[in-house]
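Working notes, beginning with the structure itself.
The values are calculated or read from the model by the stated rules, or taken from the named source; none is laboratory data. Predicted model only: the values in this text are computed from it and were never measured. Quick reminder, even Gly has a Cβ in these numbers, built from the backbone with ideal geometry, and neighbours come from all protein chains shown.
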Amino acid sequence: MWLAGCAPDPPAPTADWSTWGATGISVPCEGPCTLTCSGGGEQWEETGSDFEWTGLLPGFAYACTLDGPGGVAAFPVQLDPPPSTLAAPVITGTTSDLTLFNQVRDGDFPRAILVDGAGRVRWWMDLPDDPNVGIEVAFLPDSPFGRVVLAGGGDTVPPTMFTLDGAVAWSAPLLGVAGGIWHHDAAWLPDVGLVVGLSEQDNHRPDGEGTWTGFAVETHDPTLDQRTWSWTSQQGVDNGGLPAAANGADAYHANSVQWVPDDPEGEAWWLSLKRLNQVVRLDPAGAVTWALGVGGDFALLRADGTPADASEWFYGQHAPEAQPTADPNIWSVYVHDNGMDRPNGALFSRAMRLDVDRAASTATIGWEWTEEGWYEPVFGDVDLLASGDVLVTMGHCPQCPGAPPERGSAIVEVDVPTGDVLWRADFTPEESMYRAQRIDPCAWYPQNRTACPG
C-alpha cells in the first residue's frame, strides 16, 4: 500500500500509511502527465502515467503538482515519520550512494532498511519474524517481477522476492529440498534467471552410522516457480569431497554461496564453510575440486612472498566474494575474517583480500584492514565496489556468545591503497546487523532529480 496524492480530475483518494513502511506515494493519472514534488531539499519529477515513487523522506512534507490532460493540480503530501525503533545511524564522511542492510533492534521485527549517504532513512520493510537476524537482503532492479528486494536465510525465511510496497512477488517453498530450514543466504543469478539458497539437511556416514547437520544448495526459477537443481553435503560425504563429522555436530555451517560462471576452470559454485574455515569449489557435476583455507589445497603467503603462519588464515569467515584479475590464473577473494577460534588465541576481526594463484597453488594476503578493538565472532560482509573501494559490514549479534556488549555494528567504505575510511555508519550495541549492499540512487529512485539529475 502506498500513500496516495491527488489527481486533478477526479481527485485521487487518500490511503493510509503502508504497514510495510514504504516511503512512497502513488498518484494515478491517465497520461501523458508530469508529476513534480519538492520537499526535504529535493526535487522529484517524472513524466508518464500512474506514478509510484519510493524513497521519499519519511516525516517530511512535499509540495506536489500534477500536470495532465485534465489540467494542473497542486496538492500536499505529508509522510509519516519512521517508527521509534528504527534509529538512523551516526554518519562520518560522505557518499552519494544508498546503502541497504538488515537490522533487528531491541527484539523488534527484523527489517530491511535503506539509508542515504547522510544516514537518512529512505525505505524500510518488516521482514518475516525470525529468531536469527542473519537474513540476506538484496535489491534487484531487473527481476522477472520488476524492482524487488530478495530476502532469505535466518533460521526459517525461504528465498522471497518482495515488491517495494511489501507484497510477496514470489517465494520458494517453506522448506528446502531435504526438508530442512533455510539459512544464511539467498542470491539472484541474473545471467540464468535463477535464485540460489542454502537449506539444512541431516547427514550420515557412508555406513549409515551417526548423524550430523549438513546443508543443501538449491536453485529455483521464480518465473516457473520450480526447483531446478540441488546438491547436498551428503553427496559430498559420499563421494569423498567433504569430511564426515562427529555425531550431532554442525559440521560445515555453510553461510554463503557464489556462482562463478567465468571461473577459468569452468563455471562453478564457491561455498563458504565456516566450521571448516574453508571456501570450497563445487563443479556442476557435484565434485568438490579444491579447498581454500585451513588444511586446504593452497599455501598461504604474506604480501612479501614469505610463508604465513596457519593463524593468518581466515577463521569463522563470512561472505567471501571472488573477483577476476587481469591474470586469468589469479583470482582475488575478498573475505570477512571473523577470527573465531583463531589458533593463537588472538581476538580480532578483519576484512582481507587473498590473491589466489591456481597454477602455483598459493594464496597471498594482498590486502587487509581492521581497527583496534574490532572482534565479532559472527556476521559480517565485504564487498568490492565499482569505485575500487571496499564496503565492510562490521556485523554485530548482541545475543550471540562472545560478542562484545559495548560495540555496535558499523558499515564502512575503505580506500584500499591507504586504508582510510571514506564513509562510516555507526549503530548502537542493541542493534543486530548481518550484511549490507551499496545501491546506485538512480537505480532506486530515478525520479529524484537532486540525487539523479540525468
(message) Given the condition assigned to a strand (DSSP E or B), assigned by TED's automatic domain parsing to the domain that holds F139 and modelled with pLDDT under 95, answer yes or no: does some residue in the stretch 411-431 qualify?
(response) yes
(request) Would you please list the contacts, defined by Cβ atoms under 7 Å and residues six or more apart or on different chains, that run from a residue in the stretch 340-363 that is farther than 20 Å from G305 by Cα to a residue that is of a type in the set (F, W, Y) and assigned to a loop (DSSP other than H, G, I, E, B)? (result) M340/Y315; D341/Y315; R342/Y315; L347/Y375; F348/W374; F348/Y375; S349/W374; S349/Y375
(request) Go through the stretch 180-257 and tell me which strands (runs of 3 or more DSSP E), entirely inside it, have 2 or more residues that are touching a strand residue (DSSP E or B) at 6+ places or on another chain (Cβ under 9 Å) and of a type in the set (D, E). (result) 194-204, 211-221
(request) May I ask you to list pairs of residues, at least six apart or on different chains, whose Cβ atoms are under 8 Å apart, with the first in the stretch 416-429 being surrounded by 15 or more Cβ atoms within 10 Å (Cβ to Cβ) and of a type in the set (V, I, T) and the second being modelled with pLDDT of 95 or more and not in a strand (DSSP E or B)? (result) V416/G388; V416/D389; V421/D415
(message) Would you confirm whether or not the stretch 200-220 contains a residue that is farther than 21 Å from N255 by Cα and of a type in the set (V, I, T)?
(response) no
(request) Determine whether the stretch 137-145 contains at least one residue that is surrounded by 22 or more Cβ atoms within 10 Å (Cβ to Cβ) and out of contact with any His (no Cβ under 6 Å at 6 or more places or on another chain). (result) yes
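Can you find, within the stretch 338-376, the residue that is surrounded by the fewest Cβ atoms within 10 Å (Cβ to Cβ) among those that are among the basic types (K, R) and in a strand (DSSP E or B)?
Per the stated criteria, the residue is R350.
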(request) Select, from T54, T34, T65, the only residue that is of a type outside the set (D, E, K, R), at pLDDT 85 or above, in contact with a Gly (Cβ under 8 Å, 6 or more places away or on another chain) and over 20 Å from T163 (Cα atoms). (result) T34
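Residues are listed down the side, and each one gets a yes or a no for (1) of a type in the set (D, E, K, R); (2) over 26 Å from Q201 (Cα atoms); (3) buried (at least 21 other Cβ atoms within 10 Å of the Cβ):
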position	(1), (2), (3)
A244	no, no, no
A249	no, no, no
N255	no, no, yes
Q258	no, no, no
D297	yes, yes, no
D304	yes, yes, no
E312	yes, yes, no
(message) Among the residues of the stretch 38-61, what is the count of those that are in contact with a Lys or Arg (Cβ under 9 Å, 6 or more places away or on another chain), among the hydroxyl-bearing types (S, T, Y) and surrounded by fewer than 17 Cβ atoms within 10 Å (Cβ to Cβ)?
(response) 0
(message) Given the options A245, A187, A249, name the one that is at pLDDT 90 or above and either under 23 Å from the mean Cα position of the chain (by Cα) or assigned by TED's automatic domain parsing to the domain that holds D381 (or both).
(response) A187
(message) Could you check the stretch 126-136 and list, in sequence order, the residues that are under 17 Å from the mean Cα position of the chain (by Cα) and surrounded by fewer than 23 Cβ atoms within 10 Å (Cβ to Cβ)?
(response) D126, P128, D130, N132
